[in-house]
Each structure stands twice: as structure tokens, then as C-alpha cells.
Amino acid sequence: MSDAAGTITLSLIAHTNVGKTTLARTLLGRDIGEVRDAPHVTEFAEVHPLLTTDAGDVLQLADTPGFGDSVRLARRLRQADSPLGWFLAEVWDRFTDRAFWASQQALRHVRDTTDVVLYLVNAAESPEAAGYVDAEMELLGWIGKPVVVLLNQLGAPRDAAHEAAEVERWRRHLAAQPLVTRVLPLDAFARCWVQEGVLLAAVEAALPPPQRPAMARLRAAWQARREATFDASMQVLAAGLARIALARVAVGEGTGLVAQLRTQVRELGSRLRAGGEAGPLAVAQQQLAEALDREVRDGTARLIALHGLEGDAEGEILQRLATHYDVRLRVDEAQAAVLGGVVTGALAGLKADLATGGLTLGGGLLAGSLLGALGAAGAARLANLVRGTERSWLGWRAEVLDGLVDASLLRYLAVAHFGRGRGQWREGETPPHWPAAVREALAPQREALAALWAQRPEGERIEPSQVEALAAALQPLLAAAARDVLRRLYPVALQQETSA
């Protein structure tokens with residue numbers, strides 16, 4: 001074991017046009033080289049710093065030219081020790097086939113400088129159909145360094161069972177290759193940071209013992225940075241949800257209670273329509289929905305920046321149904337008798353209404369039972385007192401907030417999986433197994449979330465300190481659920497944590 005700082009070099013090698021430079025951009029978190037659908041885009045090996053520690057350790061990544069004619073390349077390297085072979089490799093190939101010559105130079109550089117080879121394969125092909133793999137394994141044998149095989153071009157993230165089956169298929173095919181130490185999934189377009197942690201652990205295990213202390217320090221530095229990004233992401237989500245949960249929009253008083261009730265019934269369940277003349281409730285609904293849209297956009301932009309990506313955050317397209325709104329209408333005592341004469345109720349209804357915190361107009365039920373139980377004028381006073389407000393206001397229902405918690409974690413997963421090699425961040429379809437994993441991970445937190453929604457302060461005016469307090473309470477719940485989701489999606493990473 002050594003405490004001296006060390007430099008560890010990883011070389012990214014693959015058949016031409018499999019996506020090495022794209023994956024290199026994802027791992028490095030910045031643009032390098034040129035990415036396009038053409039062979040031999042990377043002409044020479046390019047070395048880039050990947051990670052450093054305060055102790056001076058360096059992890060660097062070499063992006064190499066893609067293998068074209070692997071069989072011919074293996075034959076040329078076997079001839080390299082003879083005079084004719086030297087002439088062909090160093091003179092003839094240089095002037096007659098520059099791409100072929102560059103591949104040879106890159107392989108020699110890899111052999112002389114590399115500690116671990118990252119060999120990238122196209123997982124969209126079956127191992128048996130990828131005939132170039134056997135010839136390239138011969139080339140890797142000539143290099144003589146430990147090899148970690150990475151499965152690229154996996155497509156959209158899939159559930160753990162399907163991914164494990166894909167890994168096992170390639171592992172069996174390469175089982176006879178003594179230099180292959182591990183087979184891992186790592187798609188350049190849709191990898192997650194926890195998968196990078198598994199890769200670094202595999203690199204550490206493949207290194208000779210003298211180099212492992214330096215790699216362990218590099219892994220610890222990487223983990224600290226990723227954990228900081230994770231914590232900051234949870235802060236962004238919690239702050240956004242707190243602002244949404246405590247959003248209040250005043251409803252114009254209009255022509256009184258009866259007119260307001262008619263407006264609500266007419267507009268309940270219908271989408272907001274652009275243009276045209278809108279009533280006070282519709283205007284308030286639109287303002288609340290626009291505030292939510294801004295919050296989603298701003299929060300997504302912050303997540304993108306935290307993860308070293310670029311791009312315009314596309315706000316989620318939300319169904320703006322009136323049932324998403326929590327409508328609190330002030331009951332005017334002079335008009336309460338009108339409603340009291342129409343709606344009657346019983347004490348059981350009164351209990352149900354008080355349990356919701358006041359006079360609730362929504363969810364398909366008009367809580368007029370309170371009026372029937374206490375009388376019109378008395379009910380009006382109680383409703384105003386329970387609400388603690390002298391004006392009508394609009395806010396989000398608790399069940400909508402539960403849905404927004406799910407949506408927030410799905411947004412986090414989308415950003416955390418976005419490979420830098422894809423270029424600018426853009427919204428994509430959610431893999432079908434993600435929503436279920438999120439719901440399962442949030443199940444243990446639902447009771448605590450419900451308590452937070454129920455404890456929201458009443459009234460139209462909300463202080464910044466109240467938003468901060470709710471965000472502070474939400475953050476550990478979100479973090480626990482997000483970690484649970486990642487463990488469900490990547491059980492291999494969980495095994496890595498428990499064995500560390």
C-alpha cells in the first residue's frame with residue numbers, strides 16, 4: 001500500500017463508430033473531439049484529465065481511434081518486430097492508409113501508457129453477430145492490460161432484470177478472455193451517475209495492488225462530488241415544491257357568492273381556454289398554473305446546470321383541470337342564507353368538513369353540510385374563522401402535490417441520466433418502469449408528506465420563512481425516496497455500497 005500520489009490512465013477502445021467519443025464526453029462532462037456518424041473520426045489518441053484529488057492523484061482518459069479492419073490490424077501488429085513489418089507499419093501505412101496507421105500508433109500508445117482498458121461494444125448487436133469482437137480481443141491481448149467491457153447503445157434505460165440479462169449474455173461470450181475483469185452497462189446517452197461509481201470500483205479492482213490506494217482516493221473524491229450534486233438537486237426540488245405547495249392566488253370578489261359558485265361549477269373540470277372573456281376564478285386558475293409552469297422550468301434549469309449540462313429546460317405539460325385547484329371561497333354572511341336554504345346537511349357532514357379544514361368547494365362535493373348543521377350566518381362566521389382569511393384564494397390540492405412530488409423525482413432521474421455526449425439537454429419520454437419505481441420508493445414517505453400538506457399555513461399571505469421551513473422538511477423525504485429509487489433501478493450499485 002502506498003500513500004504517494006499516482007496517475008492512472010484509462011483508455012477507451014472500440015470498433016469504429018460505436019460511440020467512444022460520445023461516451024468520453026459523458027464521462028468527462030465536457031465536449032471533446034468530434035462526434036458524427038463516420039468511421040475514424042478520432043485520428044489519434046487524445047488524453048484528457050478525468051478526475052483529481054487534493055493529494056495530487058490524477059485519473060485520465062484516453063480517447064483512441066476506432067478499430068476498422070481489426071483482423072488486418074492484428075496481423076500488422078504481429079509483424080511489427082520484423083524489418084518488413086516495421087517498414088509497413090511506420091512508412092507504408094503512414095502514407096497510403098493514414099487511418100490504419102493512426103490505429104496502430106494509438107494501440108502502441110495504449111500499450112505503453114494505459115493501466116486499464118475500457119472496451120466499448122455495441123449492445124444493440126448480439127455478441128455472436130459482432131464478428132469483430134474476437135479479432136479485437138486479440139488486439140487487447142497484444143496490449144496486455146486489464147479490460148473492463150462496457151455495453152453501449154443499450155437504448156432507453158430498462159429495468160434491472162433486462163439489463164442484467166444483457167450483461168450476462170456478453171459476460172458468457174467473453175468468459176474465455178483472461179484479461180476481461182468485468183462487463184458493465186454504460187450507455188453514452190442514458191447512463192446514471194451511480195453506474196459511473198460501479199465503473200470506478202471495477203477499475204480499482206482491476207489495478208495491481210500498488211495503484212489501488214491512489215484509485216481509492218480518486219473514487220472517494222468522485223463520490224464526494226456526486227453526493228454534493230445529489231444533495232443540491234434535492235434542495236432544488238424541495239424548494240420548488242414548497243413554493244408550489246404554499247402558492248396563493250386571490251380570487252376576485254365578482255358579484256358575490258352565488259355568482260362565484262355558478263362560475264366554479266361551470267369551469268370545474270374544463271381546460272383553460274386561451275383568449276376570450278374569463279371570470280375571476282378562471283383568471284386565478286391561469287395565474288396559479290402559470291406560476292407552476294415557471295417553477296417547473298426554473299427548477300429543471302437548475303438541475304441541468306448542477307449536472308454540467310446545457311440547454312433550455314422544457315416545462316412539463318400539465319393537465320390544468322379545475323380539480324387540481326384547492327378553492328377556498330369566502331362566505332359572505334349577507335348571502336349565506338341563500339346557500340343555506342338550498343343545501344342541507346347533518347353533523348356527520350360537519351365532521352367531514354371540519355376534518356378538511358373548512359368550507360371546501362371541490363372534489364365533486366359542495367360542503368354545504370356545515371351550513372345545514374350550524375345555520376347560515378353561523379356557518380359563515382366559522383368558515384371565515386377556520387380559513388383565517390377575509391378574501392377568497394386559490395391553492396393546490398394535497399393530492400396534486402403528491403403527484404408533483406412524483407413528477408419532481410422523475411425530472412431528477414431524467415436529468416441525472418442524460419449523457420453529456422447527447423449535446424443540449426432536452427425532455428424525453430420517461431422509461432415505463434420509472435414511475436412504478438418512484439411510487440414504490442415514495443410509499444414510505446406518503447404519511448409524512450400528507451402531514452406536511454395538512455400543516456400548511458392558512459390564509460392568503462405566506463411568509464418566506466414558512467416556505468423555507470416547508471422546504472427543509474421536504475428535503476430529507478425527497479432524498480430518502482430518490483436514493484431508494486436509484487437502488488431499485490441499479491441493484492448492482494447497492495451491492496457495491498454494501499461491499500465497500
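Which residues, taken from region 455-474, are touching a residue at least 60 places away in the same chain (Cβ under 8 Å) and more than 27 Å from the chain's Cα centre (by Cα)?
Arg456, Pro457, Glu458, Gly459, Glu460, Arg461, Ile462, Gln466
For (1) crowded, with 18+ Cβ neighbours inside 10 Å; (2) touching a Gly at 6+ places or on another chain (Cβ under 6 Å); (3) at pLDDT 90 or above, each residue gets a yes or a no:
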residue: Val110; (1), (2), (3): yes, no, no
residue: Thr113; (1), (2), (3): no, no, no
residue: Tyr119; (1), (2), (3): yes, no, yes
residue: Val133; (1), (2), (3): yes, no, no
residue: Gln177; (1), (2), (3): no, no, yes
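Restricting region 206-255 to residues that are charged (D, E, K, R), out of contact with any Ser or Thr (no Cβ under 6 Å at 6 or more places or on another chain) and part of a helix (DSSP H, G or I), which is farthest from Trp193 (Cα to Cα)? Reasoning before the result, please.
Pass one, region 206-255, residues charged (D, E, K, R): 212, 217, 219, 225-227, 231, 243, 248, 253.
Checking which are out of contact with any Ser or Thr (no Cβ under 6 Å at 6 or more places or on another chain) leaves us with 212, 219, 225-227, 231, 243, 248, 253.
Next, only the ones that are part of a helix (DSSP H, G or I) stay: 212, 219, 225-227, 231, 243.
On the way: Arg212: 21, Arg219: 13, Arg225: 11, Arg226: 7, Glu227: 10, Asp231: 14, Arg243: 28 Å.
This residue is Arg243.
Does Ala481 meet the test of being at pLDDT 95 or above, assigned to a helix (DSSP H, G or I) and of a type in the set (A, V, I, L, M, F, W, C)?
On the way: at pLDDT 95 or above: yes; assigned to a helix (DSSP H, G or I): yes; of a type in the set (A, V, I, L, M, F, W, C): yes.
Spelling it out, Ala481 is indeed at pLDDT 95 or above, assigned to a helix (DSSP H, G or I) and of a type in the set (A, V, I, L, M, F, W, C).
What single numbered condition from (1) in contact with an Asp or Glu (Cβ under 9 Å, 6 or more places away or on another chain); (2) hydrophobic (A, V, I, L, M, F, W, C); (3) at pLDDT 85 or above fails to hold for Trp101?
(3)
Evaluate region 141-154: report whether one residue or more is at positive phi and touching a Leu at 6+ places or on another chain (Cβ under 8 Å). Spell out the reasoning first.
Residues of region 141-154 at positive phi: 144, 153.
With the extra rule that they be touching a Leu at 6+ places or on another chain (Cβ under 8 Å), the set shrinks to 144.
Taking every residue of region 141-154 in turn, at least one turns out to be at positive phi and touching a Leu at 6+ places or on another chain (Cβ under 8 Å).
Does region 421-435 include one or more residues that are closer than 24 Å to Leu200 by Cβ and at pLDDT 95 or above?
Checked against the condition, which is being closer than 24 Å to Leu200 by Cβ and at pLDDT 95 or above, region 421-435 yields no hits at all.
Looking at region 277-291, can you tell me whether even one residue there is within 25 Å of Gln455 (Cα to Cα), modelled with pLDDT of 80 or more and not hydrophobic (A, V, I, L, M, F, W, C)?
yes
Quick grid of which residues meet (1) surrounded by 19 or more Cβ atoms within 10 Å (Cβ to Cβ); (2) in contact with a strand residue (DSSP E or B) (Cβ under 7 Å, 6 or more places away or on another chain); (3) within 19 Å of Ala493 (Cβ to Cβ):
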site: Met137; (1), (2), (3): yes, no, no
site: Pro146; (1), (2), (3): yes, yes, no
site: Asn152; (1), (2), (3): yes, yes, yes
site: Glu163; (1), (2), (3): yes, yes, yes
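The values are calculated or read from the model by the stated rules, or taken from the named source; none is laboratory data. Fair warning: this is a prediction, and the values are worked out from it, not measured in the lab. Glycine gets a Cβ as well: all are built from the backbone with ideal geometry, and neighbour counts include every protein chain shown.
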